[in-house]
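> Sharing a structure, written as structure tokens. Questions coming.
Just so it is clear, none of the values below were taken in a lab; they were calculated from the coordinates. All of these numbers come straight from a predicted model, not from anything done at the bench. All Cβ positions, even for glycine, are placed from backbone atoms using ideal geometry, and neighbour counts span all protein chains on display.
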Amino acid sequence: MIHDLDPRIHGALDGELDRAALTPDERALVERLDAAARALSGTPVVPGLSRRVMGIIRRPLASPVARFRRWLTSPQPVTLSLRPVYSLVIVALAVVLWRGPVPAPMLGAHEGVAQFVARFPEAHSVAVVGAFNDWRPEATPLADDDHDGVWDARVILPAGQHEYMFVVDGERWVSDPLAGRYVDDGFGRQNAVLVVRPVRSE
């Protein structure tokens with residue numbers, strides 16, 4: 001054990017005694033002890049290391065105020081980690097706040113708003129078709145937000161006369177029973193007629 005060694009050997013290991021002052025046998029013993037210490041620790045032996053370590057250990061602990069002051073004046077690493085979903089939400093909010101509210105669509109001088117309303121209590125879907133959407137059922141669906149069987153939609157259309165029909169559940173074509181005017185569609189049925197007036201008069 002090192003604390004049982006000759007004081008000269010101990011002093012040489014701690015760097016307190018010049019190894020040139022040792023006898024050949026003492027120098028050989030010091031070198032063997034150095035080699036053993038290096039093998040155990042994996043790092044070279046630093047002369048006087050134990051004395052420096054003990055000095056740090058014996059140093060009085062700083063007061064809480066001093067430790068807090070040191071923490072305030074020292075740079076602190078900050079890591080911000082966000083999940084992808086939260087990142088998208090934050091980006092979307094930033095875009096909305098930067099751009100402001102989305103303005104309502106501006107109507108041209110020759111445009112108006114057509115409101116289509118139909119009552120189909122048993123329907124699962126209702127759409128309106130006409131020349132304005134190439135008679136495509138998927139183009140203009142109506143909504144029944146209250147689930148009361150009354151379906152409606154508002155559509156911006158050019159001012160003028162428009163023929164239309166309702167398509168119920170994707171396959172049943174029905175003329176609007178509440179329309180005031182009808183025209184023959186050329187296939188044995190009647191299209192309802194809606195007149196759209198311009199919102200802004202010239």
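> Determine ³J(HN,Hα), in whole Hz, for all residues of the range 19-25 in sequence, where each value follows from phi through the Karplus function 6.51 cos²θ - 1.76 cosθ + 1.60 and θ = phi - 60°; x replaces Gly and Pro.
Here the 3J(HN,Hα) series is 5, 5, 7, 7, 6, x, 5 Hz.
> Next question. Give me the net charge for the shell around residue 146: Cβ to Cβ below 14 angstrom, other residues only, Lys and Arg +1, Asp and Glu -1. Could the numbers behind the result be given before it?
On the way: positive: 119; negative: 144, 145, 148, 152.
For residues surrounding residue 146, the net value is -3.
> Separation between the residue 161 and residue 68 pseudo-spin-labels, each 7 Å from Cα along Cα→Cβ, expressed in nm?
Distance between the two pseudo-spin positions: 8.6 nm.
> Label-point separation (nm) for residue 136 and residue 117, each offset 7 Å from Cα along Cα-to-Cβ?
2.9
> Measuring from label point to label point, each 7 Å out along Cα→Cβ, what is the residue 23 to residue 143 span in nm?
According to this spin-label approximation, the distance is 10.3 nm.
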